[in-house]
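The values are calculated or read from the model by the stated rules, or taken from the named source; none is laboratory data. All of these numbers come straight from a predicted model, not from anything done at the bench. As a convention, Cβ positions derive from the backbone with ideal geometry for all residues, glycine included, and neighbour counts pool all protein chains shown.
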Amino acid sequence: MNRNTAVALALSVVIALVAGIGIARFSHRGWHRPSWASGSGAMTTLQPPRALAAFTLYDTHGHAFGLPQLRGRWSFVYFGYTHCTDVCPATLATLKRLHRLVGGKSHDIQYVFVSVDPQHDTPRVLARYLGRFNRGFVGVTGNNRELGSIARQMGVYYKPRSRKAGTSYAVDHSDEIFLIDPKARLRAVFSTPERARTLARGLSTLRAG
């Protein structure tokens, strides 16, 4: 093998490795825009909407939360955890602004924070955390089986990083905002960070449709 051939082979290996890493990172984003979804900018709509199958989580009062609690309202849903230091509080702050923006129209809108860290995010921890943003926000979580069920349906990725007792930790997770319609169907996905006005316009568009 001459020098030029060896260099070309080495370069091809490096390119393949870089491409593989990129694909792996993208696949861990959680949300993949399917061929039957459409959208522009920050909002991706699902055509037709994706009906959700039954699941059971529990809110900060210990009450079951599933399809019955989604029906009859528009629900902005976000998956995260209370120890998140950046994107989670920023997204909840955006939802807080959205709540203020829609004002009196918010009686049929709810904001749901799904914790993907059930070991730490007890009902009391969740309630205290969400109270910093809006006491009306709904905090829910559940065991890994039930969390996995709803996460798979909505295309959400999450995975706790390895950690040692007494040390800080992080949970890798998707950072999109999901919009579920009053029939408990996934209708749209918003990329983050996003402005409250963009979310309000997206909701208004889907309502009108």
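Brief remarks on what is shown
- Every residue from the stretch 87-123 that is of a type in the set (S, T, N, Q) and touching a Ser or Thr at 6+ places or on another chain (Cβ under 6 Å): Thr91, Gln110, Ser115
- Residue among Asp121, Asp172, Asp181 that is among the acidic types (Asp, Glu) and either closer than 20 Å to Gln69 by Cα or not assigned by TED's automatic domain parsing to the domain that holds Tyr58 (or both): Asp181
- Taking each residue of the stretch 158-178 that is surrounded by fewer than 20 Cβ atoms within 10 Å (Cβ to Cβ) and of a type in the set (Asp, Glu) and looking for partners that are outside any loop (DSSP other than H, G, I, E, B) and at pLDDT 65 or above with beta-carbon atoms closer than 8 Å, six or more apart or interchain, yields Asp172/Tyr158; Asp172/Lys159; Asp172/Pro160.
- Output for the stretch 96-128, where each listed residue is surrounded by 20 or more Cβ atoms within 10 Å (Cβ to Cβ) and within 22 Å of Ile150 (Cα to Cα): Tyr111, Val112, Phe113, Val114, Ser115, Val116, Asp117, Asp121, Leu126
- Pairs are defined by a Cβ separation below 8 Å, a sequence spacing of at least 6 or placement on different chains, a first member in the stretch 40-56 that is within 16 Å of Val156 (Cα to Cα), and a second member that is modelled with pLDDT under 95 and exposed (fewer than 11 other Cβ atoms within 10 Å of the Cβ); the pairs so defined are Leu46/Trp36.
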